[in-house]
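Okay, structure first, notes after.
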Amino acid sequence: DAGITQSPRHKVTETGTPVTLRCHQTENHRYMYWYRQDPGHGLRLIHYSYGVKDTDKGEVSDGYSVSRSKTEDFLLTLESATSSQTSVYFCAISESTGYNYGYTFGSGTRLTVV
Amino acid sequence: GENVEQHPSTLSVQEGDSAVIKCTYSDSASNYFPWYKQELGKRPQLIIDIRSNVGEKKDQRIAVTLNKTAKHFSLHITETQPEDSAVYFCAAPDSSYKLIFGSGTRLLVRP
């Protein structure tokens, strides 16, 4: 199914706990992205990666970190979850930069911080 | 950096009517403009895109137009059907070629 999977699909966690979301792709695409989706805000970029061990911050990166040790996996970590991080998180991949190729999105992770 | 604004935020049309969603962007160097459709509870999916060397692109009932001078692009859906009901997002690349998304338009097609 689209060559990209996210896990878990749903998670409820307590404030102050660390949380890691996983994005796994089988397309061997170089570029990977983490977005969060909130009502009225569309999709906002958290972090992105342009290769193994090459990552950079997006527009809403505070409180998040990422790692990419293999081409196929991109991990998003909430170091100490807060209620404001309750959201739907989407991973996306692209073969090249956004100039020529659209993104393929994963199915999303719905995270609730209580 | 790139800023993408999308209007309207909600749009309700009668089945069979046309729907138009508009987006503006700020970076005059942007040259690729995709549109995504997101059905309820699903992932966003690319439905059409346009590059800056063309002014219009059609795919069956959907079309996208681009006005580079005014820095805006629009999605047109003709003969709307209930299955067109979804949230639609426009996007444009920033200077590092990452896509910046508009805030989305919720389209409701009334039977």
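The values are calculated or read from the model by the stated rules, or taken from the named source; none is laboratory data. Computed from a predicted structure; not experimentally measured. Cβ: placed from backbone, ideal geometry, glycine included. Neighbour counts: every protein chain shown. Please note that ligands, DNA and RNA were not included when accessible areas were found on the heavy atoms of the full protein model with its side chains. Shrake-Rupley method; radii C 1.70, N 1.55, O 1.52, S 1.80 Å.
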The relative contact order of chain A, taking Cα pairs under 8 Å that sit 6 or more residues apart, comes to a percentage of 35
Taking a crude spin-label model, label points 7 Å out from Cα along the C-beta direction, the B:Glu56 to B:Ser95 distance in nm is 3.5
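Based on the Cβ-Cβ distance from B:Glu79 to A:Ser107, what FRET efficiency comes out when R0 is 35 Å, to the nearest 0.05? Walk me through the numbers on the way to the answer.
Values: r = 30 Å, r/R0 = 0.85.
Rounded to the nearest 0.05, the efficiency is 0.75.
Please state the shape class of region B:39-111: rounded when a/c is under 1.5, otherwise prolate if a/b exceeds b/c and oblate if not, all from the C-alpha gyration tensor. Write out the running numbers ahead of the final one.
Numbers: a/c = 2.28, a/b = 1.40, b/c = 1.63.
Judged from the Cα gyration tensor, region B:39-111 comes out oblate (a/c at least 1.5, b/c at or above a/b).
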Simple spin-label estimate for B:His7/A:Thr5, 7 Å along Cα→Cβ, in nm, reads 4.4
Chain B: relative contact order from alpha carbon pairs under 8 Å, six or more residues apart, as a whole percent, is 38
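I'd like the FRET efficiency for A:Thr86 and B:Leu46, computed as 1/(1 + (r/R0)^6) with the beta carbon distance as r and R0 of 22 Å, rounded to 0.05.
Details: r = 27 Å, r/R0 = 1.23.
With a Förster radius of 22 Å, E is 0.20.
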Of the accessible area of chain A, computed with a 1.4 Å probe and all protein chains kept, carbon and sulfur make up a percent value of 45
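What longest region of chain B stays clear of GluC sites (Glu not before Pro) that DSSP places outside H, G, I, E and B and that have at most 14 other Cβ atoms within 10 Å? Don't skip to the answer; put the middle values down first.
Details: sites that count: B:Glu15, B:Glu39, B:Glu79.
Formally, the longest exposed-site-free interval is B:40-78.
Just checking the output field for B:88-99: average partner chain Cβ neighbours within 10 Å of each residue's Cβ? Provide the component values of the computation, followed by the final result.
Values: counts 0, 3, 1, 5, 1, 4, 4, 0, 5, 9, 12, 12.
Counting other chains' Cβ atoms within 10 Å and averaging over B:88-99 gives 5.
Would you tell me the mean number of C-beta atoms belonging to other protein chains that fall within 10 Å of each C-beta in A:83-96, as a whole number? Don't skip to the end; give the middle numbers.
Values: counts 0, 0, 0, 0, 0, 2, 0, 3, 1, 3, 0, 3, 0, 1.
For peptide A:83-96, the averaged partner shielding equals 1.
Shape call for chain A from the C-alpha gyration tensor, a ≥ b ≥ c root eigenvalues: rounded (a/c under 1.5), prolate (a/b greater than b/c) or oblate? Let's see the in-between values first.
On the way: a/c = 1.65, a/b = 1.59, b/c = 1.04.
In terms of gyration-tensor shape, prolate.
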In Å², rounded to a whole number, the accessible area per residue of chain A with probe 1.4 Å is 46
Candidates B:Val20, B:Val87, B:Val54; GNM for chain B (alpha-carbon contacts under 10 Å) flags as most fluctuating B:Val54
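I'd like the FRET efficiency for A:Leu75 and A:Glu14, computed as 1/(1 + (r/R0)^6) with the beta carbon distance as r and R0 of 22 Å, rounded to 0.05. Each step should come with its number before you reach the end.
On the way: r = 20 Å, r/R0 = 0.92.
Once the sixth-power term is evaluated, E becomes 0.60.
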Once normalised by the length of region A:23-62, the mean sequence separation of its alpha carbon contacts under 8 Å that are 6 or more apart gives a contact order in percent of 31
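Give, as a single signed number, the net charge of other residues whose beta carbon lies under 10 Å from the beta carbon of A:Leu76, with Lys and Arg counted +1 and Asp and Glu -1. Let's see the in-between values first.
Values: positive: A:Arg22, A:Arg36; negative: none.
The answer is +2.
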